[in-house]
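Asks: Quick one: this structure, given as structure tokens, is what I'll be asking you about.
The values are calculated or read from the model by the stated rules, or taken from the named source; none is laboratory data. If you're wondering where the values come from, they're calculated on a predicted model, not measured in any experiment. For neighbour counting, all protein chains shown are included, and Cβ atoms are generated from backbone atoms with ideal geometry for every residue, glycine included.
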Protein chains: 2
Amino acid sequence: MRNGPTRPRAGGSTADHVTVRRHNLSVVLSHLRDHGPRSRARLAEETGLNKTTVSSLVAELVDRGLVGEGETERATVGRPGQIIRLDGEHVVAVGAEVNVGYLSVLVLNLRGQVVTRQRIALDTAAMDPALVLSRLARLLDTALLGVGVHPVGVAIAVPGLVEADTGVVRAAPNLGWTDVPVVAEINRLLGEPPYPVLLDNEANLAALAEVEAQGLDRDGDLILVTGAAGIGSGIVVGGRLLRGARGFAGEAGHMRVREGGPQCACGHTGCWEAAVGLNALLAAVPGHEPPHTSAHDPEQDPLPDLERRLAEIGDRAAAGDARVLDAIAEVDRWLSVGAGILVTVFNPHVLVLGGYFAALRPWIAGSLRDELRGHVFARDGGGTRVAFSPLGFSGSVRGGASQVLDRVFRDPVLVEPVDKPLAQEETV
Amino acid sequence: MRNGPTRPRAGGSTADHVTVRRHNLSVVLSHLRDHGPRSRARLAEETGLNKTTVSSLVAELVDRGLVGEGETERATVGRPGQIIRLDGEHVVAVGAEVNVGYLSVLVLNLRGQVVTRQRIALDTAAMDPALVLSRLARLLDTALLGVGVHPVGVAIAVPGLVEADTGVVRAAPNLGWTDVPVVAEINRLLGEPPYPVLLDNEANLAALAEVEAQGLDRDGDLILVTGAAGIGSGIVVGGRLLRGARGFAGEAGHMRVREGGPQCACGHTGCWEAAVGLNALLAAVPGHEPPHTSAHDPEQDPLPDLERRLAEIGDRAAAGDARVLDAIAEVDRWLSVGAGILVTVFNPHVLVLGGYFAALRPWIAGSLRDELRGHVFARDGGGTRVAFSPLGFSGSVRGGASQVLDRVFRDPVLVEPVDKPLAQEETV
């Protein structure tokens, strides 16, 4: 299609009109998501579609249960117009995550509201991948049982190199995974469900969630650097994830920034994440050895929750514990070097720090901003804003669920009309 | 337009049909550029447009002098079809470049053939920017006088931070330029010409030229790192230049990769270009001091041409001069570190080394490939191919001229029909 026409030609076939209508359904539905409830007249004005077309499109979206009608809230002179708003309470999508120390599942409806969320502490890095995936399937089953309808799809986030096409995790060093066919395995465990199961890198999905959380335009540029055992990074350029030639882009954690630094879980030395990952911080703070070195039974003795461990480190820093403050300062120093490289190369609107970096905000925010202002080539850090993620550890599951919902916004016809006989296979 | 419809609605207005026709003219013209001469029937088949429409579009492109007809070259059974091919000999575009040590101008016609090229050695870094620009305007005047028609436009390449919108060079440390209004000045010097004068970063334009030179798909991912006094980098993602929030993206030369390294022209330390730029190499090779330190009269004693200086270094390396080989090895080491970072983050199809790096190819190609295979996180360097630019120092001017020609491919109506009275203002 690269060089083909993107508009129907004059005298086009019926197929063209179907394509145009599906596209226009998407335009109206997405407009309501991005700009909020509004009248048909305003929809027509703002999208450039004519009023008759908008009425017909809205009628179809109502039939599919994707939008609903209501009175305007504003008290205005004259008769209030009928206001169209997103509905889609029966349309849900699932984000799931496997990470070091926990599994997580979150279900969103079409309005982006959380329907349910589950999170369990689990020493995933010490367990066999098959066992981890069976625990994840159980968590998914439980969450979906509560929801009661088939989701539009499930997106699974994993910290590592992911082949989205095949659904295989190629390398996730912090989990100790190599060539794990996650999608095939989850599909099998869920009994080959009628909805798609997708796989992506956890930081990629979290970065997409941040575009919205940071109030950025949908075609903005954003970099998320998220501190976990290692660090993840997701890079959004012009509103789209940077994926690269083979889908391996965005692995900023393995930039070689520190000559002679400690060995990384990936086997190389000098990697950014070996200098600033949570494992590096825990190793430097007495009493907080990294999870990898523990040898307890993961089923009986799940790791202390990451937030709790971090809160403890935060408490010690706040109390002025010199060893903790030194360890944080060293992390901060290398965090700034890598962040400076990314901002120099990408000049994003926002650099977001997530995961455990957000928990260290009081000790790192100032020096990081100074560093970017001082060291990035373009004046004043190239105008890049530094922000801390408000999403905690839920960014990946939220981003995953949003990605799945996006499929509906791009093609609302994926959701069948609700007045059809509602065999579950027809709701996806 | 982000949320607006991209296709005309059913019952659309005349404006829609004009838009569709302009788009389809672009589809046909671009198809001929990308895939070579072919019959109307084949154009119809490959673009999805119907035959009547293609005939009408071709007729209009012939009127505008953009395409021509000819017999098929292949001897086939039956009557040979009329073959349509790009014409556009009277449609030309200009790329110009200001760089350390030289000015350069190149004129391409619509077929991408070089109409004329000019290059002069000039110690631009030692001169006042106004003087450099007046020399550039003279060079442009001379080149265009020989061509005899107004160009579609002129693109000027400069090594530094460029504000494309305003036509101002914000910072070009290797030239010593700050806030130079290049476009306004050139427009004034050329007597406010009827065609647009554009400004871009030299490595950005050269990167675009490499997409074609490397035989990459037009939506491919490519990184060009070009060695000059400093180093330039241009990053193409999905066929488009990475520009960032304020247009300052792609400044890989100022990634901080070398703790405690020498001071960079930008004022910081540790920058990649301070470790691998030509100035770094020349400083390390006795008898090849960097141009900045010379104090000759630029008009009377232009710098020895860069290629000649490099050939000399190459000769000494080939003869086994240990000091030259050591200097090259040190450059190579840091080149590999920075290249590894870029490949890890972007996972491009191709990493192209241009400028003086291409001249050092025999001494750096092998070790660089080893480094990427060995250090990039994704297996086998993530599949990224390492290539050396075949364009020498002409990449920026070629890319600039191509960018200007692209305006015609995107909207062929920019070129007036040739049978109209040919007042020069109407040819642009």
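Asks: Just name the residue that is nearest to residue B:353 (Cα to Cα) out of those in region B:269-298 that are surrounded by fewer than 21 Cβ atoms within 10 Å (Cβ to Cβ) and modelled with pLDDT of 85 or more.
Replies: B:270
Asks: Could I ask something else about it? Pick from A:245, A:249: which is free of Cβ contacts under 8 Å to residues at least 60 places away in the same chain, assigned by TED's automatic domain parsing to the domain that holds residue A:282 and in contact with an Asp or Glu (Cβ under 6 Å, 6 or more places away or on another chain)?
Replies: Working: A:249 fails: in contact with an Asp or Glu (Cβ under 6 Å, 6 or more places away or on another chain).
One residue alone meets the criteria, A:245.
Asks: All but one of (1) closer than 15 Å to residue B:391 by Cα; (2) in contact with a strand residue (DSSP E or B) (Cβ under 7 Å, 6 or more places away or on another chain) hold for residue B:181; which doesn't?
Replies: (1) is the only condition that residue B:181 fails.
Asks: While we're here: Given the conditions (1) without any contact (Cβ under 8 Å) to a residue 40 or more places away in the chain; (2) crowded, with 18+ Cβ neighbours inside 10 Å, report the number of the one that residue A:89 does not fulfil.
Replies: Here residue A:89 meets the rest and fails (2).
Asks: Looking at region B:398-413, which of the residues that are touching a Gly at 6+ places or on another chain (Cβ under 7 Å) and farther than 13 Å from residue B:213 by Cβ is surrounded by the most Cβ atoms within 10 Å (Cβ to Cβ)?
Replies: B:400
Asks: Please state which of the following conditions residue B:148 fails to meet, knowing it meets all the rest: (1) farther than 25 Å from residue B:231 by Cβ; (2) crowded, with 16+ Cβ neighbours inside 10 Å; (3) without any contact (Cβ under 8 Å) to a residue 60 or more places away in the chain.
Replies: It is condition (2) that residue B:148 fails.
Asks: Look at residue A:312 and say whether it is more than 30 Å from residue A:120 (Cα to Cα), assigned by TED's automatic domain parsing to the domain that holds residue A:229, in contact (Cβ under 8 Å) with a residue 24 or more places away in the chain and surrounded by fewer than 16 Cβ atoms within 10 Å (Cβ to Cβ). I'd like the intermediate steps shown before the answer.
Replies: Values: more than 30 Å from residue A:120 (Cα to Cα): no; assigned by TED's automatic domain parsing to the domain that holds residue A:229: yes; in contact (Cβ under 8 Å) with a residue 24 or more places away in the chain: yes; surrounded by fewer than 16 Cβ atoms within 10 Å (Cβ to Cβ): yes.
So residue A:312 does not fit the description; no.
Asks: Does region B:158-181 include one or more residues that are closer than 17 Å to residue B:404 by Cα and in a helix (DSSP H, G or I)?
Replies: No, that holds for no residue.
Asks: Another question about this same structure. Identify all residues within region A:317-344 that are over 29 Å from residue A:383 (Cα atoms), touching a residue at least 40 places away in the same chain (Cβ under 8 Å) and charged (D, E, K, R); write none if there are none.
Replies: Of everything in region A:317-344, just one residue is over 29 Å from residue A:383 (Cα atoms), touching a residue at least 40 places away in the same chain (Cβ under 8 Å) and charged (D, E, K, R), namely A:326.
Asks: Taking region A:227-263 as the region of interest, how many residues are more than 9 Å from chain B (Cβ to nearest Cβ), crowded, with 24+ Cβ neighbours inside 10 Å and part of a loop (DSSP other than H, G, I, E, B)?
Replies: The first filter runs over region A:227-263 and keeps only residues more than 9 Å from chain B (Cβ to nearest Cβ), leaving A:227-232, A:234, A:236, A:241, A:260-263.
Narrowing the set further to residues that are crowded, with 24+ Cβ neighbours inside 10 Å leaves A:227-232, A:234, A:236.
Subsequent filtering for residues that are part of a loop (DSSP other than H, G, I, E, B) retains A:228-230.
So the answer is 3.
Asks: Continuing with this model, one more query. When you scan region A:127-146, do you find a residue that is in the same structural domain as residue A:169 (by TED's automatic domain parsing) and touching a Gly at 6+ places or on another chain (Cβ under 7 Å), even just one? Don't jump to the end; show me each part of the working.
Replies: Going residue by residue through region A:127-146, those that are in the same structural domain as residue A:169 (by TED's automatic domain parsing) are A:127-146.
Checking the rest, the ones that are also touching a Gly at 6+ places or on another chain (Cβ under 7 Å) come to none.
No, region A:127-146 contains no residue that is in the same structural domain as residue A:169 (by TED's automatic domain parsing) and touching a Gly at 6+ places or on another chain (Cβ under 7 Å).
Asks: Then there's this: Considering only region B:188-199, I want to know if a residue exists there that is in a helix (DSSP H, G or I) and touching a residue at least 24 places away in the same chain (Cβ under 8 Å).
Replies: Yes, region B:188-199 contains at least one residue that is in a helix (DSSP H, G or I) and touching a residue at least 24 places away in the same chain (Cβ under 8 Å).
Asks: Check region A:201-210 and report whether any residue there is within 22 Å of residue A:123 (Cβ to Cβ), assigned to a helix (DSSP H, G or I) and within 14 Å of chain B (Cβ to nearest Cβ).
Replies: yes
Yes or no, residue by residue, for (1) modelled with pLDDT under 95; (2) at positive phi:
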site: B:113; (1), (2): yes, no
site: B:126; (1), (2): yes, no
site: B:129; (1), (2): no, no
site: B:132; (1), (2): no, no
site: B:136; (1), (2): no, no
site: B:144; (1), (2): yes, no
site: B:159; (1), (2): yes, no
site: B:176; (1), (2): yes, yes
site: B:185; (1), (2): no, no
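Asks: Of everything in region B:318-333, what is of a type outside the set (Asp, Glu) and buried (at least 19 other Cβ atoms within 10 Å of the Cβ)? Give them in sequence order.
Replies: Let us first name the residues in region B:318-333 that are of a type outside the set (Asp, Glu), namely B:318-320, B:322-325, B:327-329, B:331, B:333.
Within region B:318-333, B:324, B:327, B:328, B:331 meet the criteria.
Asks: Being crowded, with 22+ Cβ neighbours inside 10 Å and among the polar types (S, T, N, Q) is the filter here; which residues of region B:181-225 pass it?
Replies: B:201, B:204
Asks: Name the residue that is surrounded by the fewest Cβ atoms within 10 Å (Cβ to Cβ), counting only residues in region B:334-385 that are within 22 Å of residue B:256 (Cα to Cα), touching a helix residue (DSSP H, G or I) at 6+ places or on another chain (Cβ under 7 Å) and at the interface with chain A (Cβ under 7 Å from one of its Cβ atoms).
Replies: Once the filter is applied, the top-ranked residue is B:375.
Asks: So, one more: Out of the residues in region A:6-47 meeting the condition of being modelled with pLDDT under 85 and at the interface with chain B (Cβ under 7 Å from one of its Cβ atoms), tell me which one is farthest from the chain's Cα centre (by Cα).
Replies: So the first thing to find is which residues in region A:6-47 are modelled with pLDDT under 85, and the list is A:6-20.
Adding the requirement that they be at the interface with chain B (Cβ under 7 Å from one of its Cβ atoms) leaves A:6-10, A:17, A:20.
Numbers: A:6: 30, A:7: 32, A:8: 34, A:9: 38, A:10: 41, A:17: 34, A:20: 30 Å.
Once the filter is applied, the top-ranked residue is A:10.
Asks: For region B:211-224, name all the residues that are modelled with pLDDT under 95 and either more than 13 Å from chain A (Cβ to nearest Cβ) or not in a loop (DSSP other than H, G, I, E, B) (or both).
Replies: Passing the criteria: B:211, B:212, B:213, B:215.
Asks: Out of (1) modelled with pLDDT under 90; (2) in contact with a Gly (Cβ under 8 Å, 6 or more places away or on another chain); (3) of a type outside the set (Ser, Thr, Tyr), the odd one out for residue A:181 is which?
Replies: (1)
Asks: Right, next: Restricting the search to region A:351-377, which residues are farther than 30 Å from residue A:286 by Cβ, touching a residue at least 40 places away in the same chain (Cβ under 8 Å) and out of contact with any Ser or Thr (no Cβ under 7 Å at 6 or more places or on another chain)? Walk me through it before giving the result.
Replies: Start the filter on region A:351-377 by keeping residues that are farther than 30 Å from residue A:286 by Cβ, which leaves A:351-352, A:372-377.
Going one step further and asking which of them are touching a residue at least 40 places away in the same chain (Cβ under 8 Å), we end up with A:351-352.
Answer for region A:351-377, where residues must be farther than 30 Å from residue A:286 by Cβ, touching a residue at least 40 places away in the same chain (Cβ under 8 Å) and out of contact with any Ser or Thr (no Cβ under 7 Å at 6 or more places or on another chain): there is none.
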